[in-house]
Amino acid sequence: MHHQDNEPAHKDEGSLQDFIVSALPSRRKALWFLGASALSASALSACGGDGSSGVSATVSTGTSSSSSSSSSSSSSSSSSSSSSSSSSASGTCTTLPEETAGPYPGDGSNSASGSIVNVLTLSGIVRSDIRTSIGSYSGTASGTQLTLKIRLVNTNLGCTPLTGYAIYLWHCTDDGRYSLYTVTNQNYLRGVQVTDADGYVTFVTVIPGCYSGRMPHIHVEVYTGLSTATAYTNKINTTQFALDRTFATSFYASASGYSASIANLNAITFATDNVFGDDTAAQLAASTITPSGSLSAGYTASIDLGIAV
């Protein structure tokens, strides 16, 4: 069911006023380097999940098409605006700075209606298809299907796939609202997957809408394994994937249920977005997904998500 009134500007991560104010100093949080200097060479070579629970890493994303344009980037440092790239036979992956989880993470870091919201502890949260609610809720999110394939890689080891890590993904509905917060009686469009032997997870979801003050995007948190993916305090990084603007413009104009997204998208650019606005061109290219497909059959997209461990 579509709501006529879109959620206000999501000021924690979206208003233009907030962007202008925050643009003066750097907006980003300092990267977590918890014990990174103490890592041994043998620890750096470990590619399995849950064995690096003390590591705080920088998330990176990249596809083969966007990575070629970002192979030249600055070396990684404690500055969140820096980026790095790692090359291997499988391609190039770009390290992206830490991004905000926004006001609606559902990971135990905040409250709604006076109660802590933590979907990560719910039975059934580990799933590929996140379009339906779980537990005591039974709704299904409306919107056009998107199948998103993510490959988790280690940017410190030439984009080596990482196995056994947990990825928590969430995003807004087709009309720009978030389950558990502004759709209080649903918990859909949230889910956790564990990377396979090749570092892959696949989520079946819907294409997110564009609400006022933000470019369309998808949130991601990375955990060292399923056993630690129970609360935000255990995450090792947070980032966001952007929806390609050319695709979004065409899609919103033709898809049912996304009418409010047309005006919202026209009112913002990546430069004025208060999350993506201070990314480098390489970072933005690496974090952008460009779905392919059709309205009738649904869309598919893939992206590399790199962490430096």
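Quick notes
- Residue satisfying condition, being on the phi > 0 side of the Ramachandran plot and part of a loop (DSSP other than H, G, I, E, B), within set 176, 209: 176
- Tally, over the stretch 167-180, of residues that are closer than 20 Å to residue 233 by Cβ and open to solvent by 10 Å² or more (accessible area, probe 1.4 Å): 1
- Residue 285 vs. criteria in a helix (DSSP H, G or I) and either touching a residue at least 12 places away in the same chain (Cβ under 8 Å) or open to solvent by less than 50 Å² (accessible area, probe 1.4 Å) (or both): yes
- Of the residues 271, 242, 248, the single one that is assigned to a helix (DSSP H, G or I) and not basic (Lys, Arg) is 248.
- Filter pass, residue 230 being open to solvent by 10 Å² or more (accessible area, probe 1.4 Å), modelled with pLDDT of 95 or more, under 19 Å from residue 170 (Cβ atoms) and in a loop (DSSP other than H, G, I, E, B): yes
- Strands (runs of 3 or more DSSP E) enclosed by the stretch 105-161 - at least 2 residues per element that are more than 19 Å from residue 304 (Cβ to Cβ): 107-112, 115-118
- Candidates are the residues of the stretch 157-166 that are closer than 20 Å to residue 221 by Cβ and not hydrophobic (A, V, I, L, M, F, W, C); the one that is least open to solvent (accessible area, probe 1.4 Å) is 165.
- Only residues that are open to solvent by 50 Å² or more (accessible area, probe 1.4 Å), farther than 26 Å from residue 299 by Cα, of a type in the set (A, V, I, L, M) and touching a residue at least 40 places away in the same chain (Cβ under 8 Å) were counted across the stretch 108-146, and they come to 1.
The values are calculated or read from the model by the stated rules, or taken from the named source; none is laboratory data. All of these numbers come straight from a predicted model, not from anything done at the bench. All Cβ positions, glycine included, derive from the backbone under ideal geometry; neighbour counts span all protein chains shown. For the accessible areas, the whole protein counts, side chains as well, though only heavy atoms, and no ligand, DNA or RNA atoms are used. Shrake-Rupley method; radii C 1.70, N 1.55, O 1.52, S 1.80 Å.
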